[in-house]
1. Residue check: is B:I105 open to solvent by 10 Å² or more (accessible area, probe 1.4 Å), touching a strand residue (DSSP E or B) at 6+ places or on another chain (Cβ under 7 Å), under 19 Å from B:S190 (Cβ atoms) and among the β-branched types (V, I, T)?
2. Can you name every residue in the stretch B:118-144 that is out of contact with any His (no Cβ under 9 Å at 6 or more places or on another chain) and either of a type in the set (G, A, S) or within 11 Å of B:D85 (Cβ to Cβ) (or both)?
3. Please tell me if B:K263 is in contact with an Asp or Glu (Cβ under 9 Å, 6 or more places away or on another chain), open to solvent by 30 Å² or more (accessible area, probe 1.4 Å) and closer than 27 Å to B:A62 by Cβ.
4. Given (1) open to solvent by less than 50 Å² (accessible area, probe 1.4 Å); (2) assigned to a helix (DSSP H, G or I); (3) at pLDDT 95 or above; (4) not polar (S, T, N, Q), where does A:G328 come up short, assuming only one miss?
5. In this structure, is B:D85 within 14 Å of another protein chain (Cβ to nearest Cβ) and either of a type outside the set (K, R) or buried (at least 17 other Cβ atoms within 10 Å of the Cβ) (or both)?
6. Within the stretch B:447-472, can you find the residues that are hydrophobic (A, V, I, L, M, F, W, C) and under 23 Å from B:I375 (Cα atoms)?
7. Quick one: is A:D101 within 11 Å of chain B (Cβ to nearest Cβ) and either open to solvent by less than 20 Å² (accessible area, probe 1.4 Å) or under 17 Å from the mean Cα position of the chain (by Cα) (or both)?
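The values are calculated or read from the model by the stated rules, or taken from the named source; none is laboratory data. Computed from a predicted structure; not experimentally measured. Every residue, glycine among them, receives a Cβ derived from its backbone with ideal geometry; neighbour counts consider all protein chains shown. Just the protein is used for accessible areas: all its heavy atoms, side chains included, with ligands, DNA and RNA removed. Shrake-Rupley method; radii C 1.70, N 1.55, O 1.52, S 1.80 Å.
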Amino acid sequence: MKLHELTINKANELLKKKEIKSEELTSALFNRIDSFDGKIKAYVTLDKDRALEAARLADKKADFTQPLTGIPMAVKDNICTKDLKTTCCSKMLENFVPPYDATVISKLKDTNAVILGKTNMDEFAMGSSTESSFFQVTKNPWNLECVPGGSSGGSAAAVAADESLYALGSDTGGSIRQPAAYCGVVGLKPTYGRVSRFGVAALASTMDAIGPITKDVTDCAIVLSAIAGIDSFDPTSSDIPLSDYLKCLHDELNGIKIGIPKEFLDNDVIDKDVKDAFLNAAKIYENLGCICEEISLANAEYALWAYHITVAAESSSELGQYDGIRYGHRATKYEDLKDLYKKSRGEGFGTEVKRRIILGTYLSDAQNYDKYYLKAQKIRTLIKKDFENAFNKYDLLITPTVPTTAFKIGEKIDDPLKMYMNDLYTTPVNLAGLPAISIPCGFSDGLPIGLQIIGKAFDEASILRAAYAFEQNTNYHEKRIKWEEGFSDEL
Amino acid sequence: MNYETIIGLEVHVELLTKTKIFCGCSTEFGKEPNSHCCPICLGMPGALPLMNRSVVEYAAKAGLALNCDIAELSRFDRKNYFYPDLPKAYQISQYYIPLARNGYIEIEPNGQKKRIGIRIMHMEEDAGKLIHEEGSAYSLVDLDRAGVPLVEIVSEPDMRSAEEAWLYLNNLKTILSYIEVSDCKMEEGSLRCDINISLRPEGSKEFGTKVEIKNLGSFRAVRRAIEYEEKRQKEILESGGSITQETRRWDEAQGFTTFMRGKVENRYSPEPNMAPIIIKDDWKEEIRSKIPELPNARKARFMQEYSLPEYDASVITASKILADFYEECVKYYHDPKVVSNWVMVELMSILNETGQGIKNLKFTPKQLSDMLVMIDKGTISGKIAKDVFRDMFETGKSPEDIVKEKGLIQISDEAELESIAQKVIDNNPKSVQDYKNGKKKALGFLVGQIMKETKGKANPQMVNTILIRLLD
């Protein structure tokens, strides 16, 4: 097996056995990036020198009891990395270098992780295709004409193209799960509060979650164990104890009750292939001894709109700090203070960001606050109740991650409403703050299909166990990309 | 027509916590600009607010001292607006559910007790400061103050004159300084006050349109601004005009208010990154137990317990340290009024003269009492005592040591005083003649001569008696 194809788990074994060195592994990844990323465009910043230095340090210490030590990884570019550009893929932060690490980064650095670089994303995580990045359009490794999904498209594409062993993403309405589904990798959105948000540029503080994108479920459990837990720098992080996410993978699945929200299948946006793959997945669970039953999430149909009102309103406030005064883009020519704000923000933000800020400002002003924002929060409460009711009877819910497979680049970028439909199955989970994973469950025309498994709050363990069992009984995650001409696997 | 003035005050007070409200940065001032800043108070990507527990305690203490109901659960919200001194483009404040409500402050305009209601008191963060340098085309931003904890205290529109507003502010300041949550220095910006003022025809129940006045640098400015605004609004109303709701700026140098901006709708949204502030009864009572006797109660007690006149009691209780000092003195000296005279006259004037704070006094209350006992015993005269007091103030030495070192012990020896008096009589025949001719003033001159002779150490009562005896 080639080094860049390794999972975290396997690489750790080899490192422990001293069969490979972290430096060697890291170099292999940079070689892979050098020959592939020109076409994939997953990375916006590489940090080769420091990555190799970190790898050498890991080799020197030669203590690989922590599974992420010496393992090369990639970070979504809205997660602050000390002394390394963190741009949110916006012109606004094109040259922003944070003087601090996000808590998730500090935790990874403590285990001597190797940060290869920062990955592309929709500008300020606003989007589902990574096309709204100020820098570049990332290609779906399975089909270069397609989007990788978004907003963590760079992270998902990097892992799918073996340009990183794993990556971190952020998920406010599906931004980890949807690109994971489109790129045929594993993506976990943890429970709100499970992983610290400190140092991650906010999109909507009531929904943002940080999580792993990995090649398989075992790796997902490994990364979650490393980044989860209470953080004194994030007052919304939870002190509920962590489970042993690796151990629980092997727990018995027999007898588990799984609910299938019927509203997610009986609609006119879902592709037939996606539905078939999903129904097949449900059958696999039944074969594994699970009880699968149809349920109703009656208010789910309002979720998308409640979600978009909430995100727009919250992000219009969160993004106010990018004003060109202390850091970030500042217009060079302006008349007065007001003009400085207008021009700096006008030049610094892209179309989708401006669209949402304007919408959000309108939705949350004094006249509209009750009518829209407050109403959206009421819908949110109803959706939470729907989930609570469902989880009174069921251990897990399963749905397709996305109604379709990856779409063509340029196909939806000018039609925001169509783009938003991508998030139909993922946004209710964020509104309710629940954990959910996307794992590969099939293919349609060579493009991966994702299965979403939703769990009770802070019950990532059950999700991982079900995902692992699925993986053990299928081989979707092992299917390799057939690279087109122009890609060279040999170096 | 006669008009009634309606005044409400919005007061911002900086709390004296060591660190800022949402981060560990120091609240200290006077360092290089931007020396107490971190990613949190600079509003950098992904920074989150961390609640400083002391701020909640200080604020709740203030709320309790102002007779407010403390909310068991209160929340933080964002007030969204753009300004270069506001790093996050929102100020974290409490809008929907504030910490405290329904309090009051008692004032006594014209000897009549009156309660001024406090509608709301809430916690919030301060903004930074803009520095405009004369002649430069830009402004500088100093964010050391950004994130310093504040409480905003919003009164009911219960005040009816500049005098009442002034009394309210004074009492507010005294109470907050007493409980040691703020130093309330308006000149230094640790207490800021905005005025809401409107007029209505006397007897009317409805409020007129109010105007907000900002940029008040002192209590005196508040008084002047209200008096000016009363006149301005009255003139408009009397000439048939109407008041527009707006914010006006007080111009201290010119003594008038000018238009600043029209009515603005603030954009508030809940602060999603902070848990609600929960103050259960046991915590509330723990905080309440740290509140000392407040100035009004203390004043009443001083009047009763020490039989002080109201004036003395209110001057001494206006400052907690002064009142503490006074009470300590009274423990060692039998006549509280005498102590009050010394504290109010000698101590206050030397403090004013030197600009020194009472906090840093070098001598102890016991030493002042000891000195008063020395006067009573005739060891020193009242006049000499003033010099001894000054010495104590400057050196912190005990009165006994000062008197010994400087040889200031009063001359009370009958024979010695008689011989000095005889000498003075002999040397001043004209004054003696004047006295005998009925000019009683001449006696004073002779006493003065004896005092001069003894460098002020002669026992004044004895000198008087001896002189009169010798002359008659």
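1. Numbers: open to solvent by 10 Å² or more (accessible area, probe 1.4 Å): no; touching a strand residue (DSSP E or B) at 6+ places or on another chain (Cβ under 7 Å): yes; under 19 Å from B:S190 (Cβ atoms): yes; among the β-branched types (V, I, T): yes.
When the stated conditions are applied, B:I105 does not pass them.
2. The answer is B:A127, B:G128, B:K129, B:L130, B:I131, B:G135, B:S136, B:A137, B:V141, B:D142.
3. Against the criterion (in contact with an Asp or Glu (Cβ under 9 Å, 6 or more places away or on another chain), open to solvent by 30 Å² or more (accessible area, probe 1.4 Å) and closer than 27 Å to B:A62 by Cβ), B:K263 does not qualify.
4. (2) is the only condition that A:G328 fails.
5. The answer is yes for B:D85.
6. Answer for the stretch B:447-472, where residues must be hydrophobic (A, V, I, L, M, F, W, C) and under 23 Å from B:I375 (Cα atoms): B:V447, B:I450, B:M451, B:A458, B:M462, B:V463, B:I466, B:L467.
7. Working: within 11 Å of chain B (Cβ to nearest Cβ): yes; either open to solvent by less than 20 Å² (accessible area, probe 1.4 Å) or under 17 Å from the mean Cα position of the chain (by Cα) (or both): no.
No: the conditions fail for A:D101.
Each row is one residue, and each column tells you yes or no for (1) crowded, with 24+ Cβ neighbours inside 10 Å; (2) more than 9 Å from chain A (Cβ to nearest Cβ); (3) among the aliphatic types (A, V, I, L, M).
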| residue | (1), (2), (3) |
| --- | --- |
| B:I21 | yes, yes, yes |
| B:G24 | no, yes, no |
| B:E32 | no, yes, no |
| B:S35 | no, yes, no |
| B:S54 | no, yes, no |
| B:Y58 | yes, yes, no |
| B:G63 | yes, yes, no |
| B:D69 | no, yes, no |
